[in-house]
């Protein structure tokens, strides 16, 4: 009787082990036929941020150094259109105007380093002396990141792939250049390579984001 009970216990343990192995295989573990893990499908990055980097060679001495960005808009066709809904700025070099101050003898009407000035439908025209500011100055070497979305907030999982992007810059007394990338996040950790567009003499810039 003792041997019979031991045998029954061993058979039960082996059956449990076999079930465990089968469960692991069904749950995505090793493929019993290939002896290797099943390949994982790699999803393309979803770009929703436009990152604008100032590349100006000289300072603007009048309170709005670097490129002056009035906004960013996009058109993917159909209802997939929109503009900036959030923004962050890493200021470059130069003296920025703030409301009530003076820079090089000229009065300052508004804060020109507010990144949220680039959010919403771009102003047309983008006024130099606007208050609140119609634009954000980046400073020489500064970086502005703008997140884009539709008015309904339903930009789908394709992100900006295949969309036409327009960067609206205020035309001013100096030529101020900038370069543009599209990225997964504001910090520019995962961006399309190479960068997508350059405005060597400033002005409005339009480009299309490639499909993956």
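The values are calculated or read from the model by the stated rules, or taken from the named source; none is laboratory data. Keep in mind that this is a model prediction, so the values were computed, not measured. Note that each Cβ is placed from the backbone with ideal geometry, even for glycine, and that neighbours are counted across all protein chains shown.
Below is a table of values for the structure above.
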quantity	calculated
Qualifying residue in region 179-193 (condition: part of a loop (DSSP other than H, G, I, E, B), crowded, with 18+ Cβ neighbours inside 10 Å and at pLDDT below 90)	no
First in region 31-48 and more than 30 Å from residue 182 (Cβ to Cβ), second anywhere and modelled with pLDDT of 65 or more and not in a loop (DSSP other than H, G, I, E, B), Cβ under 8 Å, 6 or more apart	31/37
Search result, residues across region 199-212 that are surrounded by 13 or more Cβ atoms within 10 Å (Cβ to Cβ) and more than 12 Å from residue 166 (Cα to Cα)	202, 212
For residue 152: the one exception among (1) under 17 Å from residue 83 (Cβ atoms); (2) buried (at least 16 other Cβ atoms within 10 Å of the Cβ)	(2)
Residues that are touching a strand residue (DSSP E or B) at 6+ places or on another chain (Cβ under 9 Å) and not in a strand (DSSP E or B), drawn from region 134-155	134, 135, 138, 139, 141, 142, 151, 152, 153, 155
